[in-house]
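Any read-out appearing in this document is the output of simple, stated calculations on the displayed coordinates, not a laboratory observation. Computed from a prediction, not measured in an experiment: that's the story for all the values here. Neighbour counts are summed over all protein chains in view; Cβ atoms, including those assigned to glycine, are modelled from backbone coordinates with ideal geometry.
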């Protein structure tokens, strides 16, 4: 089974599909990733049947999930919302759950008061052909930590091409909240997951990947730093060769510190946020 075949969750399950860095300069963000030894896809423009969404991206495809570099490129409502989030802090602003049933998630969110926006049919041209997906987003104020959404991958083979895949996995996302218990309950209803106590915070486990929600102090203890709540502070990468990735970070001048059994890498401003490696 290749990487593309592993990206669609089975019925009734969710995956941690991707995170997105909202960036001002796509190429500058891509150069940071390339300096750390990662392969980055070419620029692609996101579209709906009605026209451009207002954003372009480049991606770091992983064996499990991917990292998106997303930049507002047009004057559209979607691009304006991105720019508003970017004024708060630099880095990861989006967490996306992979689902086998976007329409079902849309119905469930509506029933639970998340006031979802209309189901979006997105497409973008990539080297592997036309990538298509269905996206579900709640009303922005319902999930104030960032843009939190679902995606149903319709053409994973167009995205996870063997030549683009990096030997890493997206394993965990770290969310900062003023009241982690209240925030975790809201995230749990959103994703239909069961919250579990986890050290100084709360954990939500999907079938592949997890969310940790804690106070700013609790997340900073794990990552070395954290933005003020509500926010997404960073994410954990697993697989591959952690020592090699850490060495590349140090060679590129990225600040690295030991945090428990793992290492936190503070990414340059062109990318923002923190990686937890190991």
- Inverse mean reciprocal Cα-Cα distance (Kirkwood Rh) of region 114-209, Å: 15.6
- Per region 53-111, sqrt(5λ) over the Cα gyration tensor eigenvalues, sorted largest first, in Å, gives 23, 18, 11
- Over region 109-248, what is the percentage of antiparallel beta bridges among all DSSP beta bridges, to the nearest 5? 85
- Item | Where a label projected 7 Å from the Cα of residue 258 along Cα→Cβ would reach, residues of region 205-231 with amide N under 16 Å | 222-224
- Would you calculate the separation in nanometres between label points at residue 248 and residue 107, each defined as 7 Å from the Cα along the Cα-to-beta-carbon direction? 4.3
- Once residue 205 and residue 88 are pulled to full extension, the length gained, defined as 0.36 nm per residue separation minus their Cα-Cα distance, is 39.4 nm
- Message: As an exercise, take the mean of 1/r over every pair of distinct alpha carbons in the chain, invert it, and state the Kirkwood radius in angstroms.
- Response: 18.6
- Over all Cα pairs of region 10-164, how is the pair count split among 5 Å bins, expressed in % and running from 0 up to the last occupied bin? 2, 9, 17, 24, 22, 16, 7, 2, 0, 0
- Query: Counting pairs of alpha carbon atoms under 8 Å apart in space and at least six apart in sequence, what relative contact order in percent does region 176-278 give?
  - Reply: 22
- Antiparallel as a % of all DSSP beta bridges within region 3-159, to the nearest 5? 75
- Item | Ellipsoid semi-axes in whole angstrom, largest first, where each is sqrt(5λ) of the Cα gyration tensor of region 166-277 | 25, 16, 11
- Taking Cα centroids, how far is region 99-121 from region 205-253 in Å? 29
- Antiparallel bridges, percent of DSSP beta bridges restricted to the chain (to nearest 5): 70
- Between residue 8 and residue 141, the two model label points (7 Å from Cα along the beta-carbon direction) sit apart by a distance in nm of 3.8
- Mind jotting down the distance between the C-alpha centroids of region 25-57 and region 64-89, whole Å? 11
